[in-house]
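Participant: Quick one: the structure is below, questions incoming.
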Amino acid sequence: MADIFERLRKNSGGPLGQHRKRAHGYFAFPKLEGDIGSRMKFRGKDMIVWSLNNYLGLANHPEVRKADADAAAQFGLALPMGARMMSGNSNYHEQLERELADFVSKEDSILLNFGYQGMVSIIDCLVSRHDVIVYDAEAHACIIDGLRLHPGHRFVFKHNDMEDFEKQLQRATALTEKSSGGILVISEGVFGMAGDQGKLKEIVALKSKYQFRLLVDDAHGFGTLGKTGAGAGEEQGVQDQIDIYFSTFAKSMASIGAFVAGDQEIVDYIRYNIRSQIFAKSLPMPLVLGNLKRLELLRTKPELKEQLWSNALKLQKGLKERGFDIGNTDSVVTPVYMKGGVEEATAMVMDLRENHGIFCSIVVYPVIPKGHIIYRLIPTSVHTDDDIQQTLQAFEITKKKLDAGDYKVEAIPDMAEKH
């Protein structure tokens, strides 16, 4: 009989964990300190930070901080105790659900404790073993983990490829005609790595030809897209044709929690069947009241979204003018695509941080194919013109060094924190 722990030890920590000894605390699990903003401290040095999804700058907005503090002082973190179905409901929870539903033009919504956990559980709740799921190849990990719970068939279509999408719909339709099941299509409003919007308009156009329901994860679109900030569906003019709308509070709202919205009967079914909420403690009152304030600011301060887009477009325009490839982003998410190995990528990250004071996220193999590097820059409404110009200059300098082969080193020093 095998020992589970022995297998884990021999696995060297997995594809990412194998680098932990030299990466921990620097490339992985870094510690950003100070007030959340465009500039924070990393290992005692000032950094311009492009790694936080604080899109609208609400993390340290004075009205938000006051609402959070007042609610914590009044209610503490324990109230309400228990799961909402049993003893953890409140008028404030229901108020937030009503206001969220109204904001995204749906009949009803239900609060979720966490976005990741919520999405996994939503998928499990909506489909049976007879149903078929059709989903985009670049769906977020929370969607993939939800799919793993599905005992029925699932078909993946090439990212935003409508020809392949229809092909998979045809396969799904053939199966459901035999099983008497239904079809659930899952896409995203904005794909968080590449920054391109899901082709929601093209997807819903096929509803007249095929019978399916559409679930959209709009974590990056909520608060950043659309005339009112209601997301990618509003931006593309198809919000009313999204059957199940999901978003997290962890990005534009700079908070904790999530919600799912749709027709009242369907949301009510989810409310009474979503296991991750039925068997979990209710969202604490300070988070609920804090999220009510955040939603109020989304509705009443359009200048926050306007400033976010002003900064994003300046950053993206500056990168393109300097010859950088930022792909097909049509959101504020700004990827920068480069060529190079893991050693070159890590050396470049160190140069940006140590010599230029730029902190941004980097993606390399095994997350993406070997020889490719993606920097993922997240502009916010609180970034300044100086932040943007300093970052553009740093990228221009380090790109020249990358192209010249200056980062081809035999070994990267051990940057892990010593414990």
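Participant: Out of the residues in region 397-410 meeting the condition of being part of a loop (DSSP other than H, G, I, E, B) and of a type in the set (D, E, K, R), tell me which one is modelled with the lowest pLDDT. Reasoning before the result, please.
Facilitator: Of region 397-410, the ones part of a loop (DSSP other than H, G, I, E, B) are 404-410.
With of a type in the set (D, E, K, R) added as a condition, the list becomes 406, 408, 410.
On the way: ASP406: 89, LYS408: 83, GLU410: 52.
So the residue we want is GLU410.
Participant: I'd like to check something: does region 39-47 contain any residue that is touching an Asp or Glu at 6+ places or on another chain (Cβ under 7 Å), in the same structural domain as SER381 (by TED's automatic domain parsing) and among the aliphatic types (A, V, I, L, M)?
Facilitator: Residues of region 39-47 touching an Asp or Glu at 6+ places or on another chain (Cβ under 7 Å): 39-41.
Add one more test, that the residue is in the same structural domain as SER381 (by TED's automatic domain parsing), and what stays is 39-41.
With among the aliphatic types (A, V, I, L, M) added as a condition, the list becomes 40.
Within region 39-47, one or more residues are touching an Asp or Glu at 6+ places or on another chain (Cβ under 7 Å), in the same structural domain as SER381 (by TED's automatic domain parsing) and among the aliphatic types (A, V, I, L, M).
Participant: Further question: Of the residues in region 327-363, how many are touching a strand residue (DSSP E or B) at 6+ places or on another chain (Cβ under 6 Å) and either among the aliphatic types (A, V, I, L, M) or over 22 Å from LEU52 (Cβ atoms) (or both)?
Facilitator: Of the residues in that region, 9 qualify.
Participant: Another question, then. If I filter region 40-65 down to residues being in contact with a helix residue (DSSP H, G or I) (Cβ under 8 Å, 6 or more places away or on another chain) and outside any loop (DSSP other than H, G, I, E, B), which single residue comes out as surrounded by the fewest Cβ atoms within 10 Å (Cβ to Cβ)?
Facilitator: Once the filter is applied, the top-ranked residue is LYS45.
Participant: How many of the residues in region 258-282 are crowded, with 23+ Cβ neighbours inside 10 Å and among the aromatic types (Phe, Trp, Tyr)?
Facilitator: Residues flagged as crowded, with 23+ Cβ neighbours inside 10 Å and among the aromatic types (Phe, Trp, Tyr) within region 258-282 amount to 1.
Participant: Read through the list (1) more than 23 Å from the chain's Cα centre (by Cα); (2) within 21 Å of GLU354 (Cα to Cα); (3) in a loop (DSSP other than H, G, I, E, B), then give the number of the only condition that GLY37 fails.
Facilitator: Going through the list (1) more than 23 Å from the chain's Cα centre (by Cα); (2) within 21 Å of GLU354 (Cα to Cα); (3) in a loop (DSSP other than H, G, I, E, B), GLY37 breaks only (1).
Participant: Right, here's the next one. Given the criteria closer than 22 Å to PHE114 by Cα, surrounded by fewer than 18 Cβ atoms within 10 Å (Cβ to Cβ), of a type outside the set (Asp, Glu) and in contact with a Phe, Trp or Tyr (Cβ under 8 Å, 6 or more places away or on another chain), does ALA141 qualify?
Facilitator: Working: closer than 22 Å to PHE114 by Cα: yes; surrounded by fewer than 18 Cβ atoms within 10 Å (Cβ to Cβ): yes; of a type outside the set (Asp, Glu): yes; in contact with a Phe, Trp or Tyr (Cβ under 8 Å, 6 or more places away or on another chain): yes.
In short, yes.
Participant: Which pairs turn up if I take residues in region 46-68 that are closer than 14 Å to VAL332 by Cα and look for partners that are crowded, with 20+ Cβ neighbours inside 10 Å and polar (S, T, N, Q) with beta carbon separation below 6 Å, at least 6 apart in sequence or on another chain?
Facilitator: Matching pairs, first to second residue: ASN54/THR380; TYR55/THR224; TYR55/SER252; TYR55/THR380; LEU56/SER252; LEU56/SER381; GLY57/THR380; GLY57/SER381.
Participant: Being part of a loop (DSSP other than H, G, I, E, B) and surrounded by fewer than 11 Cβ atoms within 10 Å (Cβ to Cβ) is the filter here, so list the residues in region 71-93 that pass it.
Facilitator: Step one: of region 71-93, the residues part of a loop (DSSP other than H, G, I, E, B) are 76-90.
The answer is LEU77, ALA78.
Participant: Of the residues ASP131, ASP145, which single one is under 24 Å from VAL204 (Cβ atoms) and either assigned by TED's automatic domain parsing to the domain that holds ASP263 or touching a residue at least 12 places away in the same chain (Cβ under 8 Å) (or both)?
Facilitator: Details: ASP145 fails: under 24 Å from VAL204 (Cβ atoms).
After applying the criteria, what remains is ASP131.
Participant: Output yes when any residue across region 13-30 is in a strand (DSSP E or B), more than 29 Å from ILE368 (Cα to Cα) and of a type outside the set (A, V, I, L, M, F, W, C), and no when none is.
Facilitator: Step one: of region 13-30, the residues in a strand (DSSP E or B) are 24, 28.
With the extra rule that they be more than 29 Å from ILE368 (Cα to Cα), the set shrinks to none.
Within region 13-30 (the criterion being in a strand (DSSP E or B), more than 29 Å from ILE368 (Cα to Cα) and of a type outside the set (A, V, I, L, M, F, W, C)), the answer is no, since none of the residues qualifies.
Participant: Among the candidates LEU319, LEU352, LEU402, which residue alone is among the hydrophobic types (A, V, I, L, M, F, W, C) and within 24 Å of LEU56 (Cβ to Cβ)? Break it down into steps so the answer makes sense when it comes.
Facilitator: Details: LEU352 fails: within 24 Å of LEU56 (Cβ to Cβ); LEU402 fails: within 24 Å of LEU56 (Cβ to Cβ).
So the residue among LEU319, LEU352, LEU402 that is among the hydrophobic types (A, V, I, L, M, F, W, C) and within 24 Å of LEU56 (Cβ to Cβ) is LEU319.
Participant: Would you mind stating whether LEU352 is modelled with pLDDT of 90 or more, under 27 Å from HIS140 (Cα atoms) and touching a helix residue (DSSP H, G or I) at 6+ places or on another chain (Cβ under 8 Å)?
Facilitator: Numbers: modelled with pLDDT of 90 or more: yes; under 27 Å from HIS140 (Cα atoms): no; touching a helix residue (DSSP H, G or I) at 6+ places or on another chain (Cβ under 8 Å): yes.
So LEU352 fails the test.
Participant: With the requirement that a residue be free of Cβ contacts under 8 Å to residues at least 24 places away in the same chain and buried (at least 18 other Cβ atoms within 10 Å of the Cβ), what does region 283-298 give you? Can you show your working first?
Facilitator: To start, the set of residues in region 283-298 that are free of Cβ contacts under 8 Å to residues at least 24 places away in the same chain comprises 296.
Answer for region 283-298, where residues must be free of Cβ contacts under 8 Å to residues at least 24 places away in the same chain and buried (at least 18 other Cβ atoms within 10 Å of the Cβ): there is none.
The values are calculated or read from the model by the stated rules, or taken from the named source; none is laboratory data. Fair warning: this is a prediction, and the values are worked out from it, not measured in the lab. With ideal geometry, Cβ positions are generated from the backbone for all residues, glycine too; neighbour counts draw on all protein chains shown.
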